[in-house]
2 protein chains.
Amino acid sequence: MSKSLNQVISTLERAGGFASAQEVYSNLRKQGKTTGLATVYRALQKAVSEKSVDVLRKEDGEALYRLCTTGHHHHLLCISCGKTIEIEGSAVEKWANTVAKNHGFRAVTHVVELSGLCAKC
Amino acid sequence: MSKSLNQVISTLERAGGFASAQEVYSNLRKQGKTTGLATVYRALQKAVSEKSVDVLRKEDGEALYRLCTTGHHHHLLCISCGKTIEIEGSAVEKWANTVAKNHGFRAVTHVVELSGLCAKC
DNA sequence: AGCACAAATGAGAATGATTATCAAAATCAA
DNA sequence: TTGATTTTGATAATCATTCTCATTTGTGCT
Ligand SMILES: [Zn+2]
Ligand SMILES: [Zn+2]
Ligand SMILES: [Zn+2]
Ligand SMILES: [Zn+2]
């Protein structure tokens, strides 16, 4: 694993949740690292392609990255305080596969994100 | 309904599926309309806020717009040819509600999009 | 019609995330 | 060490989207 990939990964660990590429970059800078922005993007791309990092989009289109925990999962996000909960969705997985099959699709992936207001908000 | 909103809506009708703001703009120009890009964006924003247009994001973050058909539904998109199929997902709706309730969330909405390769591709 | 005032519009500049370039630096193999 | 290969950081380029602002258009009133 390359040095920059390590740095990006551990920055995401420290962040604990979703972070944008720009945030990762500025966090690294605050820690005195000289890592360039392009390198951050390159590392994030690689991490996503290796499925060690999740990516989703804010409403304005900016990409947010988060360290994958174990296995495939989805998120329940509080749009007020930003709290995120990982959720298990075997029901959705089954449904997605069935729908894909019924329409003759192959290699189907899915985006499933829930968002609303948490109990506190 | 303002003039530009009308033009944008009927361009989306003609498109029949998802179209980006830039595509809507260039289609209008091809038809000899002098509508400005900013106006296209303004009209699309309004249409989305009025829930007469759906919006989703391509993988690169660009927004795609589509005239809402009747009722809530999801999409199965071919990433190669762009073909989109509307799908009914009562299973997902139930699951989303259950998950939300279990975690004490209110006012939960969801994003569910399937994508893969259609039979032809 | 003529006028005042508000809303809508279009052109172009500004913004901001992401990507492309490219030369310098680190890594590697022999 | 030497020469090839990969990685990196700075910077420029790209591109969708938003902002600004002067101009046009619409509306109500006389
Ligand atoms: Zn909350
Ligand atoms: Zn899933
Ligand atoms: Zn296809
Ligand atoms: Zn649904």
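The values are calculated or read from the model by the stated rules, or taken from the named source; none is laboratory data. Everything numeric in this text was worked out from a predicted model, so none of it was measured. All Cβ positions, glycine included, derive from the backbone under ideal geometry; neighbour counts span all protein chains shown. Accessible surface is based on the protein model in full, side chains and every heavy atom, while ligands, DNA and RNA are left aside. Shrake-Rupley method; radii C 1.70, N 1.55, O 1.52, S 1.80 Å.
Condition first: away from ligand 4 (no atom under 16 Å from the Cβ), within 10 Å of the chain's Cα centre (by Cα) and either within 14 Å of chain A (Cβ to nearest Cβ) or farther than 14 Å from B:L5 by Cβ (or both). Now tell me which residues in the range B:61-80 satisfy that.
As a first pass, look at the range B:61-80 and keep what is away from ligand 4 (no atom under 16 Å from the Cβ): B:61-65, B:67, B:78-80.
In the following step, the residues that additionally are within 10 Å of the chain's Cα centre (by Cα) were identified as B:63-65, B:67.
Correct list: B:A63, B:L64, B:Y65.
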A:V92 passes all but one of (1) within 20 Å of A:A15 (Cβ to Cβ); (2) facing chain B (nearest Cβ under 7 Å); (3) more than 13 Å from the chain's Cα centre (by Cα); which number fails?
(1)
Would you kindly identify the strands (runs of 3 or more DSSP E) lying entirely within the range B:38-121 that contain at least 3 residues that are open to solvent by 70 Å² or more (accessible area, probe 1.4 Å) and of a type outside the set (D, E)?
B:106-117
Options B:K46, B:K83, B:K58, B:K33; residue that is away from chain A (no Cβ under 12 Å) and within 16 Å of the chain's Cα centre (by Cα)
B:K46
Can you give me the number of residues within the range B:1-37 that are outside any loop (DSSP other than H, G, I, E, B) and among the aromatic types (F, W, Y)?
1
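Which residues, taken from the range B:96-109, are away from ligand 1 (no atom under 16 Å from the Cβ) and under 23 Å from the mean Cα position of the chain (by Cα)?
Within the range B:96-109, B:A96, B:N97 qualify.
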Meets criteria (over 22 Å from A:C78 (Cα atoms), at the interface with chain A (Cβ under 7 Å from one of its Cβ atoms) and of a type outside the set (K, R)) for B:A119
yes
